[in-house]
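Quick note: the coordinates plus some simple rules give every number you see, no bench work behind them. Quantities reported herein were computed from a predicted structural model and do not represent experimental measurements. In this analysis, Cβ positions are derived from the backbone assuming ideal geometry, glycine residues included, and neighbour counts consider all displayed protein chains.
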Amino acid sequence: MDSYLSDRTIKLNYASHVVCRQTNKGCVQGSVGGPLLWNLLLDPLLKTLHEAEITAQAFADDIVLLVEGNIASDIEVKPNSALAMVN
């Protein structure tokens, strides 16, 4: 498992430039084990968000938080609370 998640590089090709960076975040995309690892990481987060009454929807490798409120502070509290759970 360690070798599966180590020595990973992100490569961006844009406008004739190439930038490479090392990463240790997220699940390997395009791999056989990627969906299983993603579920192992994502399911506990979705359950935690649900228990905190934060509406979240996940599809593929994206998560969206749905918040509503009458004033700006209403729509700041829940997303910031959700981000604190991820950190």
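Once the Cα atoms are used to define both axes, helix 74-86 deviates from the longest principal axis of the chain by about 40 degrees. Compared with the dominant Cα axis of the chain, that is its longest principal axis, helix 34-51 is turned about 10°. Rounded to the nearest 20 debye, the dipole size of the chain about its Cα centre is 440 debye, using +1 on the Cβ of Lys and Arg and -1 on the Cβ of Asp and Glu.
Result for the chain in a Gaussian network model with C-alpha springs under 10 Å: among 12, 37, 65, the largest mean-square fluctuation is at 12.
Taken over the Cα atoms of the range 15-87, the convex hull encloses 150 Å³ per residue.
Residues whose amide H lies under 5 Å from that of residue 8, counting only those 5 or more places away or on a different chain, are 23; hydrogens are built 1.01 Å from N in the peptide plane.
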